[in-house]
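Reading through the C-alpha cells given below for one structure.
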Amino acid sequence: QVQLVGSGGGLVQPGGSLRLSCAASGSIANIYAMAWYRQAPGKQRELVARITSGSSTNYGDSVKGRFTISRDNAKNTVYLQMNNLKPEDTAVYYCNFRALLGNFWGQGTQITVSS
C-alpha cells in the first residue's frame, strides 16, 4: 500500500524559513499533480500550492512570493520551501498526490510560527 511520508515541520520564529518534503513510500504511476494543503484550527483545509506533471504551479494568495513548490519526479517527492513565515501560516500541512490510481494524502505535519 502506497503511503505519503512528510517531514520538515516544527516551530519557527516569524520571518524564518522551513522546508517540507513528502515522498511516496511505494511506486505511484501517472501522477498528475502534487500539492500542499493546510488546515488551521477552526478553519477549512485550503490549497497552499500545486505543481503539475508539466511543472506548472499555482499558489494560494496568502503565500504567493513567500512559498515555492517543487518536485522530483524520479523520487516521487514534492517539496515546499517556506520563507518569511508569519504566525498566520501556523497550521497542519498535508501533502497530496493526484494520480491515475487515485488521490493520496500524507499524514500531516505541524508548522507553528511563533516568537
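The values are calculated or read from the model by the stated rules, or taken from the named source; none is laboratory data. Quick caveat, the model's predicted, so the values are computed rather than measured. Please note: Cβ atoms are built from the backbone with ideal geometry, for glycine as well, and neighbour counts cover all protein chains shown.
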Requested in this report: Output the residues belonging to segment 70-115 that are among the aliphatic types (A, V, I, L, M), under 23 Å from I28 (Cα atoms) and either at pLDDT 95 or above or under 14 Å from the mean Cα position of the chain (by Cα) (or both).
Outcome: V78, L80
Requested in this report: Of all residues in segment 76-115, count the ones that are over 14 Å from R45 (Cβ atoms), out of contact with any strand residue (DSSP E or B) (no Cβ under 6 Å at 6 or more places or on another chain) and outside any loop (DSSP other than H, G, I, E, B).
Outcome: 2
Requested in this report: Search segment 20-39 for residues being loosely packed, with under 14 Cβ neighbours inside 10 Å and not polar (S, T, N, Q), and hand back the single one that is nearest to the chain's Cα centre (by Cα).
Outcome: Y32
